[in-house]
Amino acid sequence: MGEAKRRGKAAPPHQADLITGFNDAERQALERLRMGAYRHASTAITRARTHASPEQQRDEIALVHRDAARVLDTATETFFRTSRDGPGIEKKIACRKGCSFCCWVNVEVTIIEAIGVAAAVQNDATLRAAVMTTAPKLAGLDPYARIRARVPCALLGADGGCSIYNDRPRNCRAYTSYDAKRCEDELTDPNAKREKMLVFTWPRILASAATVGLHKACDDAGLQRCTVELTDGVATILAEPNVIARWLTGEAVFKPYVPLPPARSTDVAERREGVE
Ligand code: SF4
């Protein structure tokens, strides 16, 4: 989301730093992520097309998701260690294990991430069943209807933790809040008028850089490269393992993600750490 917003209309003053403020190290980090994701995905797509079995195809692509997630985690940790706003910036993050207010909303993922998550739940009958029973409940719901439906992510554990924590999508990794109470309010009363929500921006920009690289690899290979809703995308793969083979031939097999309606798309304000 950060990348798209930065290319949109003129940003309000508090976001100006997002457009012009990257230093050399930050620009290089973004480029490394973008190119790393692109190269790995291009190689994996080529290899996957040579495999005969759906499992091998799935696992080849799933490795791209795992690798991109690991690289994103490292880049985010580096940011928190070396932030221009000081290493203490990490202490401002309100996110904790068991806090799951952001796990009751739609999660926008790339097709490659959906394949990675499908690989992670494939051998767990409970998680597979949870995905398959949750998907119909979410079908056709826009982001606000999803919140009102009060349906948690199929992969949310009873302890409030993510059942696939090491394989969770980049949007889940990159969404880091300053204020858990504010996240709770957004979930329990999404229509209330309130101050704009503030989230850490840099992890999301890093995640967007990886997404750009993955999308370019799909474009170059002639593959459908839309984003999908997490549960819907994973359920599509679990329901028909051959769907990955069809995707690898260039067929459009996934239902594209329905984004936020424009009228609400500015309600979540992103900010650079230290920039109000
Ligand atoms: S994948 Fe994990 S972190 Fe992401 S919404 Fe689901 S339970 Fe939460």
Legend entry - Pick from the stretch 1-11, criterion surrounded by 11 or more Cβ atoms within 10 Å (Cβ to Cβ) and either farther than 19 Å from ALA174 by Cα or in contact with a Lys or Arg (Cβ under 6 Å, 6 or more places away or on another chain) (or both), ranking: modelled with the lowest pLDDT: GLY2
Inset, instruction - Kindly check whether there is at least one residue in the stretch 202-209 that is over 18 Å from the mean Cα position of the chain (by Cα) and touching a residue at least 24 places away in the same chain (Cβ under 8 Å). - result: no
Inset, instruction - Please tell me if ALA154 is of a type outside the set (D, E, K, R), touching a residue at least 60 places away in the same chain (Cβ under 8 Å), in a loop (DSSP other than H, G, I, E, B) and more than 20 Å from GLU184 (Cβ to Cβ). - result: yes
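Among what's in the stretch 112-146 and is among the β-branched types (Val, Ile, Thr) and in contact with a Leu (Cβ under 8 Å, 6 or more places away or on another chain), pick the residue that is surrounded by the fewest Cβ atoms within 10 Å (Cβ to Cβ). Spell out how you get there, then give the answer.
Step one: of the stretch 112-146, the residues among the β-branched types (Val, Ile, Thr) are 112, 115, 117, 121, 126, 131, 133-134.
Checking which are in contact with a Leu (Cβ under 8 Å, 6 or more places away or on another chain) leaves us with 112, 117, 121, 131.
On the way: ILE112: 28, VAL117: 28, VAL121: 22, VAL131: 25.
Going through the qualifying residues, I end up with VAL121.
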Inset, instruction - Could you tell me which numbered condition LYS137 fails, if it satisfies all but one of (1) out of contact with any Lys or Arg (no Cβ under 9 Å at 6 or more places or on another chain); (2) assigned to a loop (DSSP other than H, G, I, E, B); (3) more than 11 Å from the ligand (Cβ to nearest atom); (4) in contact (Cβ under 8 Å) with a residue 12 or more places away in the chain? - result: (2)
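Based on this model, can you work out whether ASN106 counts as farther than 15 Å from THR176 by Cα, within 15 Å of the ligand (Cβ to nearest atom) and either assigned to a loop (DSSP other than H, G, I, E, B) or modelled with pLDDT under 90 (or both)? Break it down into steps so the answer makes sense when it comes.
Details: farther than 15 Å from THR176 by Cα: yes; within 15 Å of the ligand (Cβ to nearest atom): yes; either assigned to a loop (DSSP other than H, G, I, E, B) or modelled with pLDDT under 90 (or both): yes.
It is true that ASN106 is farther than 15 Å from THR176 by Cα, within 15 Å of the ligand (Cβ to nearest atom) and either assigned to a loop (DSSP other than H, G, I, E, B) or modelled with pLDDT under 90 (or both).
With the structure loaded, tell me whether VAL64 is part of a helix (DSSP H, G or I), within 18 Å of GLN122 (Cα to Cα) and among the aliphatic types (A, V, I, L, M) or whether it fails that test.
On the way: part of a helix (DSSP H, G or I): yes; within 18 Å of GLN122 (Cα to Cα): yes; among the aliphatic types (A, V, I, L, M): yes.
Against the criterion (part of a helix (DSSP H, G or I), within 18 Å of GLN122 (Cα to Cα) and among the aliphatic types (A, V, I, L, M)), VAL64 qualifies.
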Inset, instruction - Just need a number here: residues in the stretch 243-261 that are within 20 Å of the chain's Cα centre (by Cα) and either at pLDDT below 90 or over 19 Å from ASP232 (Cα atoms) (or both). - result: 4
Inset, instruction - Return the residue satisfying two criteria in turn: it lies in the stretch 210-225 and is part of a loop (DSSP other than H, G, I, E, B) and in contact (Cβ under 8 Å) with a residue 40 or more places away in the chain, and of such residues it is nearest to THR110 (Cα to Cα). - result: ARG225
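Does the stretch 147-158 hold any residues that are closer than 11 Å to ASN106 by Cβ and either at pLDDT below 90 or within 17 Å of the chain's Cα centre (by Cα) (or both), and which are they?
We begin by selecting, within the stretch 147-158, every residue closer than 11 Å to ASN106 by Cβ; these are 147, 149, 151, 153.
Matches in the stretch 147-158: ILE147, CYS153.
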Legend entry - ALA180 vs. criteria surrounded by 14 or more Cβ atoms within 10 Å (Cβ to Cβ), hydrophobic (A, V, I, L, M, F, W, C) and within 18 Å of the chain's Cα centre (by Cα): no
Legend entry - Pairs with Cβ under 7 Å, 6+ apart, first in the stretch 82-101 and outside any loop (DSSP other than H, G, I, E, B), second modelled with pLDDT of 85 or more and charged (D, E, K, R): PHE101/GLU184
Legend entry - the stretch 159-194, residues that are hydroxyl-bearing (Ser, Thr, Tyr) and either touching a residue at least 40 places away in the same chain (Cβ under 8 Å) or within 16 Å of the ligand (Cβ to nearest atom) (or both): SER163, TYR165, TYR175, THR176, SER177, TYR178
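The values are calculated or read from the model by the stated rules, or taken from the named source; none is laboratory data. Remember, it's a predicted structure, so these values are computed and weren't measured experimentally. Counting neighbours? That spans all protein chains shown, and the Cβs are built from the backbone with ideal geometry, glycine included.
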